[in-house]
Amino acid sequence: MTNEILEFLIKGGVFSVSEIYEYIITKEVTSAVSVKRLLSKLVVQGFLIKSGKGRSVKYQISTLGRLNLEIDIEKYCSIEVDKRVGLRDYNFELFDSLPESFFSKEEIKELDSASKKYHKKILNVSEVIHKKELERFVIELSWKSSKIEGNTYTLLDTEKLLKDGIEAKGKTKDEAVMIINHKNAFDFIYKNKNMFKEVSVSKIEDVHKILIKDLGVTNNLRSNPVGVLGSKYKPLDNKFQIEESAEKLCKAISKMADVYSKALFLIIGISYIQPFEDGNKRTSRLMGNAILLTYGLAPLSYRIVDEETYRESVMVFYELNSIASFKKIFFEQYIFSTENYLI
């Protein structure tokens, strides 16, 4: 019932107990008393904000409630853009309302277990094997991260490009450059792991600069508005607000209790702010890996992610601030990396 309540309140506005109850009974059999009791619990948990007294009590969803809402992303994204219930504007309260962790104790236990197995597995890997595995990882990351952005290189094309310098026929020069830049960006963060213990706007800019080299994109924080194709969400268009939000993101990351949450929210947070005129999601994925690497954890290649699911999960975060779908992607990709790479 919790998710049904949050799903109803995500539409925005404030609602009375009776209004919420009338919606809930269309979904499942329950009583007004049970709904009221659950509403009180959700207020204590920080998922709802309560206002008024007595019969005038109203409830609205909080940022924490938005973050925890589980959404059918395919169903939501199939709705015509202007008919969606999501937010149109940037949520200035978002970075001030983040939890210390996005993962339950059980999820942390599973992630830590996978990390321990990974560390044990790579402990006695020879230098030759390590070099080959690192090369394989970089090829797969460069291919899939680029593919998420619409790059048409195949995995085999990417291997030939990065290993032999052979560009694929019938492809644009920019596609080859995008892939090469991924390799160079990963090489940079891999060789400079320790510099990412603390995240800063300047470090994000350093990685972005490598990723957009020779692609006609400026590296500075943007001062012009950008739109998001297929979304009602409009990122900030004021350079000072963009810089302030990027700094708040970095501070929020530093306060998180576990590395997985740091990496997860850095990825989605950079994507949300859209600090650059292009290359934001690429930068976010590489910065997520920088966090994981600096703490000795397995980086993500995104090899098994479905590109459409990835894009829809990001879109749902833009418009609803729900992180549940993207968290699932992160979780699955991390487990996959610990099981399939030796770097």
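The values are calculated or read from the model by the stated rules, or taken from the named source; none is laboratory data. Just so it is clear, the model here is predicted, and its values are computed rather than measured. Don't worry about glycine lacking a Cβ; one is built from the backbone with ideal geometry, like all the others, and counts go over all protein chains shown.
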* Lys50, sole failed condition from (1) touching an Asp or Glu at 6+ places or on another chain (Cβ under 6 Å); (2) more than 28 Å from Thr309 (Cα to Cα) -> (1)
* **Among (1) modelled with pLDDT of 90 or more; (2) part of a helix (DSSP H, G or I) - the single one Arg55 does not satisfy** => (1)
* **Condition check for Ser284: assigned by TED's automatic domain parsing to the domain that holds Ile210, part of a helix (DSSP H, G or I), of a type in the set (Ser, Thr, Tyr) and farther than 23 Å from Arg84 by Cα** => yes
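Residue-wise test of (1) farther than 19 Å from Leu94 by Cα; (2) touching a residue at least 12 places away in the same chain (Cβ under 8 Å); (3) of a type in the set (A, V, I, L, M).
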{"position": "Ala252", "(1), (2), (3)": "no, yes, yes"}
{"position": "Gly269", "(1), (2), (3)": "no, yes, no"}
{"position": "Asp278", "(1), (2), (3)": "yes, yes, no"}
{"position": "Leu297", "(1), (2), (3)": "yes, yes, yes"}
{"position": "Leu300", "(1), (2), (3)": "yes, yes, yes"}
{"position": "Met315", "(1), (2), (3)": "no, yes, yes"}
{"position": "Glu319", "(1), (2), (3)": "no, yes, no"}
* Residues satisfying the stated conditions in the stretch 10-38, i.e. in a helix (DSSP H, G or I), in contact with a Ser or Thr (Cβ under 9 Å, 6 or more places away or on another chain) and among the aliphatic types (A, V, I, L, M) -> Ile24, Ala32, Leu38
* List every residue pair whose Cβ atoms lie under 6 Å apart, where the two residues are 6 or more positions apart in sequence or sit on different chains, the first residue falls within the stretch 87-107 and is touching a residue at least 60 places away in the same chain (Cβ under 8 Å), and the second residue, located anywhere, is surrounded by fewer than 16 Cβ atoms within 10 Å (Cβ to Cβ). => Glu100/Ala257; Ser101/Ala257
* Asked: Only one residue in Leu221, Leu266, Leu236 is in a helix (DSSP H, G or I), surrounded by 15 or more Cβ atoms within 10 Å (Cβ to Cβ) and either in the same structural domain as Ile204 (by TED's automatic domain parsing) or hydrophobic (A, V, I, L, M, F, W, C) (or both). Which one?
  -> Leu266
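Say we look at the stretch 184-200 and pick out the residues that are free of Cβ contacts under 8 Å to residues at least 60 places away in the same chain and under 21 Å from the mean Cα position of the chain (by Cα); which of these is farthest from Cys250 (Cα to Cα)?
That would be Glu198.
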* Check whether at least one residue in the stretch 308-327 is in contact with a His (Cβ under 8 Å, 6 or more places away or on another chain) and over 22 Å from Ile61 (Cα atoms), and report yes or no. => no
* Asked: Looking at Lys251, is it in a helix (DSSP H, G or I), among the basic types (Lys, Arg), modelled with pLDDT of 95 or more and surrounded by 15 or more Cβ atoms within 10 Å (Cβ to Cβ)?
  -> no
* Is there any pair with a first residue in the stretch 50-64 that is over 15 Å from Phe8 (Cβ atoms) and a second that is among the acidic types (Asp, Glu) and in a loop (DSSP other than H, G, I, E, B) whose Cβ atoms are under 8 Å apart and which are 6 or more apart or on different chains, and what are they? -> Thr63/Glu93
* Asked: Looking at the stretch 148-177, which of the residues that are assigned to a helix (DSSP H, G or I) and either without any contact (Cβ under 8 Å) to a residue 12 or more places away in the chain or among the basic types (Lys, Arg) (or both) is farthest from Asn280 (Cα to Cα)?
  -> Asp164
* Residue that is surrounded by fewer than 12 Cβ atoms within 10 Å (Cβ to Cβ), among the polar types (S, T, N, Q) and in the same structural domain as Arg37 (by TED's automatic domain parsing), where the choices are Ser126, Ser104, Ser78, Ser56 -> Ser56
* Asked: Mind checking whether some residue in the stretch 59-68 is buried (at least 19 other Cβ atoms within 10 Å of the Cβ), assigned to a loop (DSSP other than H, G, I, E, B), of a type outside the set (A, V, I, L, M, F, W, C) and at negative phi?
  -> yes
* Asked: Looking at the stretch 185-199, which of the residues that are surrounded by fewer than 16 Cβ atoms within 10 Å (Cβ to Cβ) and not charged (D, E, K, R) is modelled with the lowest pLDDT?
  -> Asn194
